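One structure is given below, encoded as structure tokens.
The values are calculated or read from the model by the stated rules, or taken from the named source; none is laboratory data. Quick caveat, the model's predicted, so the values are computed rather than measured. We place every Cβ from the backbone using ideal geometry, glycine too, and count neighbours over all the protein chains shown. All accessible areas refer to the heavy atoms of the entire protein, side chains included, with ligands and DNA or RNA removed. Shrake-Rupley method; radii C 1.70, N 1.55, O 1.52, S 1.80 Å.
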Amino acid sequence: MSDPAIETAAAQIIAALASKRLPVVRTFFDEATFTATHVVHDPETKRAAVIDSVLDFDQPSGRTSHGSADAVIAYVRAQGLTVDWLLETHAHADHLSDAPYIQQELGGTLVIGSDIRTVQDVFAKVFNEPESFVHDGSQFDRLMHDGERFTLGGIDAVALHVPGHTPACLAYVIGDAVFVGDTLFMPDYGSARADFPGGDARTLFRSIRRLMELPEAARVFLCHDYKAPGRDEYVWETTIGAEKTGNIHVHDGVTEDEFVAMREARDATLGMPRLILPSIQVNIRAGHFPEPEANGVSYLKLPLNLL
């Protein structure tokens with residue numbers, strides 16, 4: 001069956017490798033949340049994107065700070081880059097986005113997948129959000145669909161819908177580089193969980209196999225790393241070829257039913273992410289806090305005995 005979006009992405013990767021006009025990627029790793037924020041830019045035009053930023057959050061005190069984002073901002077300014085895009089791969093459950101702060105400092109269009117509306121619908125019920133919270137994705141500047149094309153300076157880019165971890169997950173293919181969010185981890189660590197509301201292991205398998213149709217030489221940049229057993233360093237870059245041959249959960253030869261059985265059994269043993277409740281409330285709002293109450297303070301909810 002023809003897959004125009006994957007065919008477009010594959011042709012783009014091949015053309016980028018042939019032309020040798022490849023994006024430069026600089027990664028900032030936040031060990032507190034095991035999150036990789038990527039700054040990707042076109043070296044000729046100096047146009048840049050920031051992918052999956054992190055707001056520092058001390059949960060016991062409820063205090064936030066911008067140290068992680070400030071490091072990104074300092075790098076962008078030192079390199080003389082212009083930020084065109086702030087790209088979110090999904091509504092994260094393990095860290096809070098700091099996209100609004102980076103946008104305030106550097107500009108850029110804030111983007112997420114169009115199915116964020118489904119995620120908003122689900123979690124508006126979980127958190128009993130007020131009627132003033134709209135579920136149309138308008139908190140973001142742009143909602144991208146599968147196969148939607150854009151550019152980073154003179155480098156072609158395309159969005160790929162890769163649901164399963166969440167309904168709204170997007171991978172961004174920029175030149176030869178594929179930013180997969182939580183869909184895949186390093187080959188020695190495997191794949192993302194699929195047991196959050198709206199997640200589905202079978203859908204995740206199909207999304208992963210779809211990504212594995214891309215050229216093997218394509219660089220793959222991950223949103224997280226947790227250091228697989230026996231590995232002493234954090235790593236967030238691999239290739240499509242390495243994932244196909246070596247991913248412990250979903251390498252070539254693993255069937256859909258085998259993956260689903262493994263993933264569902266594994267997910268049943270996992271605890272909830274430490275920051276899921278604050279993260280989701282902020283991230284479905286594009287990184288903004290809930291509206292302040294009468295005393296001028298924003299509050300996050302803690303639903304009891306629900307999740």
Any residue at all in segment 149-166 that is more than 18 Å from the chain's Cα centre (by Cα), assigned to a loop (DSSP other than H, G, I, E, B), polar (S, T, N, Q) and over 23 Å from Phe205 (Cα atoms)?
no
Please go through segment 255-296 and give me each residue that is within 18 Å of Arg209 (Cα to Cα) and in contact with a helix residue (DSSP H, G or I) (Cβ under 8 Å, 6 or more places away or on another chain), ordered by number.
Glu256, Phe259, Val260, Arg263, Glu264
Apart from one, (1) farther than 27 Å from Phe29 by Cβ; (2) out of contact with any strand residue (DSSP E or B) (no Cβ under 8 Å at 6 or more places or on another chain) all hold for Leu143; the odd one out is (2)
The number of residues in segment 146-185 that are open to solvent by 10 Å² or more (accessible area, probe 1.4 Å) and under 22 Å from Ile13 (Cβ atoms) is 12
Quick one: what pairs do we get from segment 287-306, first residue within 28 Å of Leu86 (Cβ to Cβ), second of a type in the set (A, V, I, L, M, F, W, C) and open to solvent by less than 60 Å² (accessible area, probe 1.4 Å), C-beta under 6 Å, 6+ apart or different chains?
Gly287/Ala99; Lys301/Phe127
So which pairs qualify, if the first residue must be in segment 205-220 and closer than 19 Å to Ala36 by Cβ, the second must be open to solvent by 20 Å² or more (accessible area, probe 1.4 Å) and basic (Lys, Arg), the Cβ gap must be under 9 Å, and the two must be at least 6 apart or on different chains?
none
Among the numbered conditions (1) within 30 Å of Ala228 (Cα to Cα); (2) more than 16 Å from the chain's Cα centre (by Cα); (3) buried (at least 24 other Cβ atoms within 10 Å of the Cβ), tell me where Asp188 comes up short.
(3)
So in segment 64-75, with the set limited to residues that are under 12 Å from Leu96 (Cβ atoms) and without any contact (Cβ under 8 Å) to a residue 40 or more places away in the chain, which one is least open to solvent (accessible area, probe 1.4 Å)?
Ala69
Consider Asp176 against the criteria (1) of a type in the set (Asp, Glu); (2) more than 17 Å from the chain's Cα centre (by Cα); (3) within 17 Å of His249 (Cβ to Cβ): it satisfies all of them except one. Which criterion is unmet?
(3)
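This table checks each residue for (1) touching a residue at least 60 places away in the same chain (Cβ under 8 Å); (2) crowded, with 17+ Cβ neighbours inside 10 Å.
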| site | (1), (2) |
| --- | --- |
| Leu106 | no, yes |
| Gly113 | no, yes |
| Ile116 | yes, yes |
| Phe123 | yes, yes |
| Asn128 | yes, no |
| Ser132 | yes, no |
| Gly137 | no, yes |
| Phe140 | yes, yes |
| Met144 | no, yes |
Take the residues in segment 1-33 that are open to solvent by 70 Å² or more (accessible area, probe 1.4 Å) and either assigned to a helix (DSSP H, G or I) or among the aromatic types (Phe, Trp, Tyr) (or both), then tell me which one is nearest to Tyr75 (Cα to Cα).
Ser19
Provide a single number: the residues in segment 275-298 that are open to solvent by 90 Å² or more (accessible area, probe 1.4 Å), farther than 21 Å from Ala99 by Cβ and of a type outside the set (A, V, I, L, M, F, W, C).
2
Considering only residues that are of a type in the set (Ser, Thr, Tyr) and outside any helix (DSSP H, G or I), look in segment 229-266 and name the one that is surrounded by the most Cβ atoms within 10 Å (Cβ to Cβ).
Thr238
Subset of segment 68-119 that is of a type in the set (Gly, Ala, Ser) and over 27 Å from Leu184 (Cα atoms) - its residue that is nearest to the chain's Cα centre (by Cα)
Gly107
Flag for Tyr226 being closer than 25 Å to Val50 by Cβ, of a type in the set (Ser, Thr, Tyr), surrounded by fewer than 22 Cβ atoms within 10 Å (Cβ to Cβ) and more than 17 Å from the chain's Cα centre (by Cα):
no
